[in-house]
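Shown next, in structure tokens, is the structure this report addresses.
The values are calculated or read from the model by the stated rules, or taken from the named source; none is laboratory data. Values in this document were obtained by computation on a predicted structure and should not be read as measured data. Neighbour counts run over all protein chains shown; Cβ positions are idealised from the backbone, glycine included.
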Amino acid sequence: MSPLVHRRCVDQSICRESSRLSVVSEPPDGVADALRALIFASNRFRAGLARSLSLGLRDAGVLSALNDLGGQARPSVLAETLYLSSGTLTPILERLERSELILRTPHPTDGRATLVTLQAEGRRVSRHAMSAITDAATDFVAQHPEFSAAQLAALLRSAAVAVSYRADHVDG
């Protein structure tokens, strides 16, 4: 079985919730378009952020996932998290290591394994990305004073659950 079939979730609560999602035949008017717009805006945001950091989109994604995983992970965990094959991930890790954003070292207890660790510059880049996301979230909350931040977060998390569920259950 492909290692990409059973990916690890960076946000375990979204994975748990998406596994219990009930399927509705048709969304209310405008909801599908709004979700689609959010997905496209997210893609544009990620691409713009990667460009601003002089990184490729996948390179920035690896740094983001590594940050979300606590700053250190095995390459296999990164590959599963990002739906990447090891053949795709390896050159990304090589580029990031040459740029001194990450460091690959032997695993301390498993001599066959490698650990990927964010370096100081990689942490700085990750903080910059999180700052941009925080700014976008602040703007979003400010545009909707009729809702609390907790209510908006719950709606966005629910949307993430629905999209994540569908991503794992797309019929080809």
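If you check Leu69, Leu96, Leu103, which single one turns out to be surrounded by 11 or more Cβ atoms within 10 Å (Cβ to Cβ), more than 20 Å from Val163 (Cβ to Cβ) and within 13 Å of the chain's Cα centre (by Cα)? Working first, answer last.
Details: Leu96 fails: within 13 Å of the chain's Cα centre (by Cα); Leu103 fails: within 13 Å of the chain's Cα centre (by Cα).
Exactly one of Leu69, Leu96, Leu103 is surrounded by 11 or more Cβ atoms within 10 Å (Cβ to Cβ), more than 20 Å from Val163 (Cβ to Cβ) and within 13 Å of the chain's Cα centre (by Cα), namely Leu69.
Can you name every residue in segment 100-144 that is among the polar types (S, T, N, Q) and either over 16 Å from Arg51 (Cα atoms) or in contact (Cβ under 8 Å) with a residue 40 or more places away in the chain (or both)?
Kept after step one, since they are among the polar types (S, T, N, Q), are these residues of segment 100-144: 105, 109, 114, 117, 119, 126, 131, 134, 138, 143.
Thr105, Thr109, Thr114, Thr117, Gln119, Ser126, Thr134, Thr138, Gln143 - these are the residues of segment 100-144 that are among the polar types (S, T, N, Q) and either over 16 Å from Arg51 (Cα atoms) or in contact (Cβ under 8 Å) with a residue 40 or more places away in the chain (or both).
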query: Only one of (1) within 15 Å of Asp168 (Cβ to Cβ); (2) at pLDDT 55 or above; (3) aliphatic (A, V, I, L, M) is not met by Ala47, so which one is it?
result: (1)
message: Please verify whether Ser86 is hydroxyl-bearing (Ser, Thr, Tyr), within 25 Å of Gly71 (Cβ to Cβ) and touching a Gly at 6+ places or on another chain (Cβ under 9 Å), treating the condition exactly as stated.
response: no
- request: Hey, can you tell me all the residues within segment 76-97 that are among the charged types (D, E, K, R) and over 20 Å from Leu49 (Cα atoms)?
  value: Glu80, Glu94
query: Which of the following residues is touching a residue at least 60 places away in the same chain (Cβ under 8 Å) and under 15 Å from the mean Cα position of the chain (by Cα): Val62, Val77?
result: Val77
field: Matching residues in segment 117-172 - criterion: being hydroxyl-bearing (Ser, Thr, Tyr) and loosely packed, with under 13 Cβ neighbours inside 10 Å
entry: Ser131, Thr134, Thr138, Ser148
